[in-house]
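Novice: Submitted below is the structure of interest, expressed as structure tokens.
The values are calculated or read from the model by the stated rules, or taken from the named source; none is laboratory data. The structure presented is a predicted model; accordingly, all values stated were derived computationally and were not measured. Positions of Cβ are backbone-derived with ideal geometry, glycine not excepted, and every protein chain shown enters the neighbour counts.
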Amino acid sequence: MEGLSPVLDGIRVIDVTQHGAAPMASCLLAQWGAEVIHIEHPVKGDGGRGLQAGGAVSIQQHKINYVWELVNLNKKSLTADLAQQEGREIIYRLAARSDVFLSNLRPREVEKFEMHYETLKKRNPEIIYANLTGYGPKGPDANSPGWDDSAYFSRAGIIHTMSEEGEVPVSSRPALGDFPTGMACAFGIMIALFARQRLGIGQELYTSLFNSGVWASMFDVQGALLTHQDPPEYRRDSVPNPLGNTYKTKDGRWIRLTMLQPDPYWPGFCQAIGQEELHNDPRFDSIQKRAENNVALIKIIEEAIARRTAEEWTVRLSEFGLSFGLIQKPSEVAHDPQARANEFFTPVNHPNYGPTELVLAPVKFSKTPGAFRTPAPEFGQHTEEILLEMGYSWDDIGHLRDKKAI
């Protein structure tokens with residue numbers, strides 16, 4: 001709404017994070033106006049700056065370092081060596097005038113850099129202290145490195161349940177677990193800020209990629225807690241509900257049928273595939289019968305879907321009001337008219353790269369939307385500005401540089 005300040009204007013966040021999940025948490029806060037000060041090592045910087053070009057992940061290359069931009073836009077960059085007392089003191093002084101301290105430091109790193117909640121709480125009793133790691137702050141793996149591929153997808157059982165029995169496990173894609181975990185952390189920070197507003201208290205909160213993955217797969221994990229069993233192994237040729245399955249079209253594309261309560265859809269589906277006689281076929285006339293004769297029905301559907309192209313099926317299945325999804329490529333998603341109609345891609349005028357579009361937060365507000373205000377910061381771009389605001393003199397800053405503390 002024109003004239004309104006960003007809803008988180010006045011909230012300052014100290015961001016001691018790298019890579020995907022935790023940086024996304026602070027980036028979401030920054031999109032709604034929080035001042036996020038990203039702390040980087042004065043020599044090494046943030047490893048996320050080189051992730052796109054480094055070749056460690058299989059992604060498209062472009063002159064825009066979008067992997068860095070998407071999780072660090074609207075932030076400021078301040079360099080400080082937390083291994084030095086002078087560097088730590090910068091964080092302590094900053095904490096005294098900040099609302100949130102967010103890190104993905106593991107317990108041994110918290111200990112090494114003296115960044116405990118109790119330490120910062122002495123400087124600011126109302127500070128919100130948020131920690132996001134691979135496996136959480138307790139237990140035998142608290143200090144283990146954790147990426148979304150290992151902690152979220154593999155350890156939490158997601159890859160197992162998504163892979164077909166007897167086949168090589170499916171692979172995840174970069175940051176698919178990082179971003180929902182970052183959103184969960186941002187949600188936690190917002191709840192803590194709200195609690196502080198109502199109750200006048202600061203507090204510590206933590207989450208992890210592992211915990212987020214378990215939460216995301218709660219149906220399977222809750223089932224295991226109750227039954228002490230795993231869910232049935234997935235096999236496309238024998239799923240219990242053939243109307244909740246994936247089929248190949250004439251032109252080699254794949255369509256995912258998603259009729260999870262299939263009985264109301266069954267008559268229309270039989271018409272759509274041109275086999276009305278199946279509607280009253282005693283083998284398939286109820287959800288239980290279709291489950292009993294699933295292999296035969298899957299074969300019938302496979303042969304039917306193979307007779308038309310994906311485009312033809314998209315039109316035909318839509319005509320009968322059936323629930324399905326064409327398995328699209330990212331290049332198709334970028335031009336999807338439904339995504340365009342709902343403003344999934346935000347036009348921005350990047351000061352370094354000119355007009356472009358960015359994928360920002362998936363929540364749209366009518367009066368207080370998130371926004372792109374500044375690009376991801378250059379390395380150490382705001383160090384002097386922030387230190388001067390904190391009361392450091394130019395002589396102090398020169399001394400810190402000589403000590404390589406900034």
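Novice: Mind checking which strands (runs of 3 or more DSSP E) fall wholly inside segment 289-406 and carry at least 1 residues that are more than 30 Å from residue 36 (Cβ to Cβ), under 28 Å from the mean Cα position of the chain (by Cα) and touching a residue at least 40 places away in the same chain (Cβ under 8 Å)?
Specialist: 324-326
Novice: So residue 113 fits all but one of (1) under 29 Å from residue 200 (Cβ atoms); (2) in contact (Cβ under 8 Å) with a residue 60 or more places away in the chain; what number is the exception?
Specialist: Of (1) under 29 Å from residue 200 (Cβ atoms); (2) in contact (Cβ under 8 Å) with a residue 60 or more places away in the chain, only one is false for residue 113: (2).
Novice: Mind checking which residues of segment 124-181 are acidic (Asp, Glu) and either under 24 Å from residue 51 (Cα atoms) or modelled with pLDDT of 95 or more (or both)? Give the derivation first.
Specialist: Here is the first cut: in segment 124-181, the ones acidic (Asp, Glu) are 126, 141, 148-149, 164-165, 167, 178.
If the condition is that a residue be acidic (Asp, Glu) and either under 24 Å from residue 51 (Cα atoms) or modelled with pLDDT of 95 or more (or both), then 126, 141, 148, 149, 178 are the ones that fit.
Novice: If you don't mind, there's one more thing I want to ask. Search segment 171-186 for residues that are part of a helix (DSSP H, G or I) and pair each with any residue that is aromatic (Phe, Trp, Tyr) and modelled with pLDDT of 90 or more when their beta-carbon atoms are under 7 Å apart and the residues are at least 6 apart or on different chains.
Specialist: 181/152
Novice: Could you look through segment 59-82, keep only residues that are over 16 Å from residue 370 (Cα atoms) and within 21 Å of the chain's Cα centre (by Cα), and pick out the one that is surrounded by the most Cβ atoms within 10 Å (Cβ to Cβ)? Spell out how you get there, then give the answer.
Specialist: Filtering segment 59-82 down to residues over 16 Å from residue 370 (Cα atoms) leaves 59-68, 76-82.
Going one step further and asking which of them are within 21 Å of the chain's Cα centre (by Cα), we end up with 59-61, 64-68.
Details: 59: 15, 60: 8, 61: 8, 64: 16, 65: 20, 66: 17, 67: 23, 68: 20.
Result: 67.
Novice: Which condition number does residue 19 fail, the rest of (1) assigned to a helix (DSSP H, G or I); (2) within 20 Å of the chain's Cα centre (by Cα) being met?
Specialist: Of everything listed in (1) assigned to a helix (DSSP H, G or I); (2) within 20 Å of the chain's Cα centre (by Cα), residue 19 misses just condition (1).
Novice: Sticking with this one: In segment 215-227, which residues are farther than 19 Å from residue 186 by Cβ and of a type outside the set (Asp, Glu)?
Specialist: 217, 218, 219, 221, 222, 223, 224, 225, 226, 227
Novice: Ok, one more. Being in contact (Cβ under 8 Å) with a residue 12 or more places away in the chain, within 15 Å of residue 178 (Cβ to Cβ) and outside any helix (DSSP H, G or I) is the filter here, so list the residues in segment 55-85 that pass it.
Specialist: Scanning segment 55-85 gives 57, 59.
Novice: Among (1) under 20 Å from residue 203 (Cα atoms); (2) more than 20 Å from the chain's Cα centre (by Cα), which single condition is residue 105 missing?
Specialist: It is condition (2) that residue 105 fails.
Novice: Please go through segment 119-154 and give me each residue that is part of a loop (DSSP other than H, G, I, E, B), surrounded by fewer than 19 Cβ atoms within 10 Å (Cβ to Cβ) and in contact with a helix residue (DSSP H, G or I) (Cβ under 7 Å, 6 or more places away or on another chain), ordered by number.
Specialist: Hits for segment 119-154 are 124, 126, 137, 142, 143.
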